[in-house]
Amino acid sequence: MAKVLEGPGMGLMKKWGINVPNYVVVTSVDELTKLGQANEWLKKSKLVVKAHEALGSRFKLGLVKVDLDFKAAEAAAKDMIGRQVGSITVTQVIVSEMIPHKEEYYCAVKSTREGSEVLVANCGGIEVESNWERVKRLCLEIGQSPSSESLEKLSKDAGFAGALAKKMAEFAVKMFACFDSEDAQYLEVNPVVLRASDGELVALDAVTLLDGDAKFRHPDWNFAFAAEFGRAYSKQETDVMAVDSKIKGSVKFIEIPGGDTAMLPAGGGASVYYSDAVVARGGKLANYAEYSGDPPDWAVEVLTEKVCSLPGIKNIIVGGAIANFTDVKKTFGGIINGFRKAKSEGKLKGVKIWVRRGGPREKEGLDAMRALKDEGFDINVFDRNTPLTDIVDKALQAK
Amino acid sequence: MSILANKDTRVVIQGGQAGVNAARRMAEFCYLIKRPLNVEAFVYPPDAGKTNEIPYGSGLIAIPVYKSIAEATKNHPTINTSLVYIGADRAMKGGMEALDDSHIKVVSMITEGVPEKDAKILGAHARKLGKVFNGPSSIGIISAGACRLGVIGGAFDNLVLSKLYREGSFGVITKSGGLSNEIIWICSQFADGITTAIGIGGDAYPGTDYVSYLEMFENDPQTKAVVIVGEMGGDLEERAAEWYGAKKRRVKLIAVVSGFCQESLPKGMKFGHAGAKEGLKGEGSARSKSDALKMAGALVPATFGALGPAIKETYQELLKSGQVKEPVEPATLSRLPKTVEEAMKADEVMVAPLIRTTISDDRGDEPCYDGYPASELINKGYEIPHVMGLLWDKRLISKQEAEIIKRIMMLSADHGPCVSGAYATILAACAGIGLSQSVAAGMIMIGPRFGGAVTDAGRFFKYAVDHKMSVDEFLGYMKKNHGPVPGIGHRVKSLRNPDKRVKELVGYVKSLKIKTPCLDFALEVEKITSVKKDNLILNVDGTMAAVLVDIGFPVDSLNGFFILSRTIGLIGHWVDQKRQDSRLIRLFDYLVNYAAPKRREVPPLK
């Protein structure tokens, strides 16, 4: 799943005929000033300014300002751009037109195992979150599109009447078209509002989750995906992503500040079991990492360098199950190079390394790891006869 | 017995290299269980009409490649299963093609990164047709002693260690491909091994879920218990729990779920497979799944590490109740033939070497010349002539000798475009011939009349010196046995028009005050011959030869100095013509003396 920020999300909705407020995304006040000269609406309308970053609780952080005239919007943009929130710097703001309205509604489409669901409620904003039973849903089978009649019925079930029920159904049709055509996994508009000026339904805020795997058939997805966990990706993380996008197989890396147990396991499945074991033994994860699909050794080396650079780590868990086709000797070669490099840079002082692995060329790989002892590494190497996560037990007991 | 993959499974593999690699692994398994290869065909349009060579034991089996599934099943009507190794952008089309073929009942997709929508459509299509669509992102399916689909099971040694050559009593269903081997191994160490293990793939909506396979295992009498390796996200584990709890089941269920670490991670942070995404309000969390499975009566060890003992416990119960018997291991197992390299490493074979070398070794991280690493030679100030000394005469020559060689090389690097070698190279360059062939054309000219007299000159001068001959004796000997003296005589140079190169070289060598018996003798010879005819002077070949013999180079290497040096010039001429974009040249007829018979009538053929 890939989260898309508001700006590009609204762009996709607009593409499928959904009314969205006028908006611009800018990286500087100068840009906003210039756009103000070119766009009448920026001068005429009341405006909303929001930090355009993958940040949670923007309201609380003062990164959303509403009901502004253009001057105040410029001041708000100036204030927000460059603000540091944790590891993230605000680099963009989205400035959009305020839509005067009385009523707020809710509409969403989501992917399910059986197909998809269209959700509609005749309340919106925070009201819908506390009145979830007012959300009515239409379940669709795989490959099925909703008919106008079924959506009109859904609207009526949700409490819409007359012309508004028809309008809401039309809105939902467009939502579904956008969802289906854009390989979305989740599309939520909360609130949908009735624009006072012309009585049209407008999408005020959008949550857009796309299927990153479908990027190959969407040449117009010219935006970057946002991190899904309430912060932007760090430099180290984007470095690893850049490697990941280039190689056969995969390497993954996410930092978890404040941890002391670094993870360098193989496999998307085993890596989570290793993380579970660390938590179960009272350890604190310093990161999540994973390499799989027989990646080239240099990619594993880059990953290793990132892991070794994590601050305050005491143990590194080089775990892995018995591989199917990942070459243990080769991938361990990358890890060993990474370790050597880290050591030459003065890292890994007092850090214990724990290794457990099986698979093609396991003996050669494990022997090479064992040999690191002679180079002064504090390393403990185990083979398939030691159960998968036992090295975590040993590592955390060794404290 | 087993499910899904058995002794009657016949396979078509859709895809290129990844598919071929899988077929190799499958052939290893077939060899282990002493059954013929189960791969009948490949479908890969770019290679249609060719064959893929799959090693089986010590032999090779050629498997045909077709353009389409229809073509493959028409030629191999026993095919009933397809493995899809096609890229994510074309996987849907390939999967559909396989599902729509009436011969094919099971399609397992290995491709990763398939769009969720495509996977859902494929799954729904298969259900409509009453077929099985497994995956995407599946590592494969393996039934012990019967059939392997994909790389699941790993390397040959692992197949043996995990006792996959014979059936056990445990079924395995796992989302994680990387853990499949681990579970199979655990089942073989803590119990009697597996019946069938299935990788269903780690995507959010796999084509077939746990419940469908649990249903199949329930109906397979050989399978006594099923191990599920789950992950947080989605509701597949909850559905499995629901199925298990719905009524009394014959199979025992053992399950582990990953993702407990989620509870202590910063809010919103998720990782693992694509499907490992927690839903709203904690549903799909590891805890809710694990609780649901426990409630349904499954054995749920607290950690992955406790899985082995849990499997052991179940196995002991099965033994006690008489539902399973201790397995009988086969007396002998097939052993995968080693490659020659592996066998040599294990000291199991001796191979007579084909060639022998005494000058260089490339097996380390850099070449060694006569034992000296190239980089060390560079760093200690040695130069090209020293490398020539090492490779041509297996010795480190002195600084002085190196200087002589350098000068020889510089003096004979080129001699203009008109000499045979350069002219041949230029002619070839103008005909559009490539560098190596054009230089080779020039090289071919080097022989007794052009540049190739160095070795012979050296040989005869040395002969004379070794036999303490006088100049007269030598000339007599040569006239009687060999003819003109190599190294003496020049086409254009003469006593009055001396060759500056010879003067230069002789002057330099003489200034060194070293012993030069051959050069001295050659100069004596010149004194006599040049009186007879003034162009019978010591030429550059002869001078080089005498000097090189004097500094100890073997006679057989001597032409090499000219060849190497002149190569510099020949390359220069080729590049020069190329730079000018020279056109094809041919002789003008006025440069030819046409001495052939005049035109005449051809007589009738007899």
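Bear in mind these aren't lab numbers, they're just calculated from the coordinates by the rules spelled out. Only a predicted model underlies this, so the values are computations on that prediction, with no experimental measurement involved. All Cβ positions, even for glycine, are placed from backbone atoms using ideal geometry, and neighbour counts span all protein chains on display.
With a 10 Å Cβ neighbour count serving as the proxy for reagent exposure, in which order, fewest first, do B:K131, B:K578 appear?
Least crowded to most crowded, the residues run B:K578, B:K131.
If you count the DSSP beta bridges with both ends in segment A:235-397, what percent of them are antiparallel, to the nearest 5?
Beta bridges within segment A:235-397, antiparallel portion: roughly 30 percent.
Scan chain A and hand back the longest stretch that contains none of the GluC sites (Glu not before Pro) lying in DSSP loops with at most 16 other Cβ atoms within 10 Å.
A:229-344
Relative contact order for segment A:1-112: what percent, with Cα pairs under 8 Å and sequence separation of 6 or more?
32
Taking the Cα atoms only, what angle lies between the long axis of helix B:558-579 and the longest principal axis of chain B, rounded to 10 degrees?
Rounded to the nearest ten degrees, it is 70.
I need the Debye-formula profile for chain A: one equal scatterer per C-alpha, no solvent, reported as log10 I(q)/I(0) at q = 0.06, 0.08, 0.12 1/Å, two decimals.
-0.34, -0.57, -0.98
Which value in Å does the Kirkwood hydrodynamic radius of chain B take, with 1/r averaged over all unlike C-alpha pairs and then inverted?
31.5
What relative contact order, as a whole-number percentage, does segment B:420-579 give when Cα pairs under 8 Å and 6 or more residues apart are counted?
Normalised by residue count, the contact order of segment B:420-579 is 37 percent.
Please determine, in degrees from 0 to 90 and to the nearest 10, the orientation of helix B:517-532 with respect to the longest principal axis defined by the Cα atoms of chain B, where the helix direction is its Cα long axis.
50
Name the long-range amide H neighbours of B:N6: under 5 Å, sequence gap of 5 or more, or other chain; modelled H, no Pro or chain starts.
Those qualifying (amide H under 5 Å, at least 5 residues apart or on another chain) number zero.
Mean projection of the alpha-carbon convex hull of segment B:420-579 over all orientations, in nm²?
So the mean shadow area of the Cα hull is 10.2 nm².
Semi-axes of segment A:22-97's equivalent ellipsoid from the Cα gyration tensor, sqrt of 5 times each eigenvalue, largest first, rounded to whole Å?
After scaling each eigenvalue by five and taking roots: 21, 12, 9 Å.
In angstroms, what radius of gyration and Dmax does the protein assembly as shown have, counting Cα atoms only?
Rg and Dmax of the protein assembly as shown, Cα atoms, are 39.7, 130 Å.
Return B:R501, A:R384, A:R134 ranked ascending by Cβ neighbour count within 10 Å, so the fewest neighbours appear first.
Starting with the residue having the fewest Cβ neighbours, the order is A:R134, B:R501, A:R384.
Residues with amide H under 5 Å of A:N315's amide H, sequence separation 5 or more or different chain, H placed in the peptide plane at 1.01 Å from N; which?
Placed amide hydrogens put A:A262, A:K352 under 5 Å from A:N315.
From the backbone phi of segment B:489-500, what are the Karplus-calculated ³J(HN,Hα) couplings (6.51 cos²θ - 1.76 cosθ + 1.60, θ = phi - 60°) in whole Hz, Gly and Pro given as x?
Once θ is set to phi - 60°, the couplings for segment B:489-500 become x, 9, 5, 10, 7, 7, 4, 7, 10, x, 7, 4 Hz.
Cβ under 12 Å from A:F160's Cβ, A:F160 left aside: what net charge do those residues give with Lys, Arg +1 and Asp, Glu -1?
Local charge sum for A:F160: +2.
Can you bin segment B:520-571 into rounded, prolate or oblate? Criterion: square roots of the alpha carbon gyration tensor eigenvalues sorted a ≥ b ≥ c, rounded for a/c under 1.5, prolate for a/b above b/c, oblate for the rest.
Because a/c hits 1.5 or more and a/b fails to exceed b/c, segment B:520-571 counts as oblate.
Can you compute 3J(HN,Hα) from phi for each residue in segment B:301-315, using the Karplus curve 6.51 cos²θ - 1.76 cosθ + 1.60 with θ = phi - 60°, rounded to whole Hz and x for Gly and Pro?
x, 5, 9, 5, x, 7, 5, x, x, 5, 5, 4, 4, 4, 5
Against the longest alpha carbon principal axis of chain B, how many degrees, from 0 to 90 and to the nearest 10, is the axis of helix B:17-32 turned?
Rounded to the nearest ten degrees, it is 70.
Report the longest stretch of chain B that contains none of the GluC sites (Glu not before Pro) sitting in a DSSP loop with at most 11 other Cβ atoms within 10 Å.
The longest such stretch corresponds to B:1-347.
State to the nearest 20 debye the size of the charge dipole of the protein assembly as shown about its Cα centre, where the only charges are +1 on K and R beta carbons and -1 on D and E beta carbons.
2280
For a footprinting-style exposure proxy, rank B:M1, B:M350, A:M263, A:M13 by other Cβ within 10 Å, fewest first.
Going from least to most buried by this count: B:M350, B:M1, A:M13, A:M263.
What's the average, rounded to a whole number, of partner chain beta-carbon atoms within 10 Å of each residue's beta-carbon in A:133-139?
0
Shape of segment A:251-335 from its Cα gyration tensor (a ≥ b ≥ c, root eigenvalues): rounded if a/c is under 1.5, otherwise prolate when a/b > b/c, or oblate?
In terms of gyration-tensor shape, oblate.
Tell me what the protein assembly as shown gives for mean residue ellipticity at 222 nm when only DSSP H runs of n ≥ 4 count, each as -39,500 (n - 2.57), the sum divided by the residue total, rounded to 500 deg cm²/dmol.
-12000 deg cm²/dmol
Could you tell me whether segment A:101-217 comes out rounded, prolate or oblate from its Cα gyration tensor? Rule is a ≥ b ≥ c as square roots of the eigenvalues, rounded for a/c under 1.5, then prolate if a/b exceeds b/c, otherwise oblate.
The shape class here is prolate.
Could you pull out every residue, at least 5 positions away or on a different chain, whose amide H is within less than 5 Å of the one on B:S258? Hs are placed 1.01 Å off N in the peptide plane, and Pro or chain starts have none.
B:G230, B:E231, B:M232
Determine the equivalent ellipsoid of segment A:235-397 by diagonalising the alpha-carbon gyration tensor, then write out the semi-axes as square roots of 5 times the eigenvalues, largest first, rounded to whole Å.
Whole-Å semi-axes of the equivalent ellipsoid: 19, 18, 16.
Where both partners of a DSSP beta bridge lie in the protein assembly as shown, what percent of those bridges are antiparallel, to the nearest 5?
Here the antiparallel bridges make up roughly 60 percent for the protein assembly as shown.
Counting Lys and Arg as +1 and Asp and Glu as -1, what is the net charge of the other residues whose Cβ lies under 12 Å from the Cβ of B:I397?
With Lys, Arg at +1 and Asp, Glu at -1, the net is -1.
Quick one: net charge around A:D327, please, counting Lys, Arg +1 and Asp, Glu -1 for every other residue with C-beta under 13 Å from its C-beta.
Charge balance in the 13 Å sphere: +2.
May I ask you to derive the relative contact order of chain A, considering only C-alpha pairs under 8 Å and at least 6 residues apart, and to give it as an integer percent?
13
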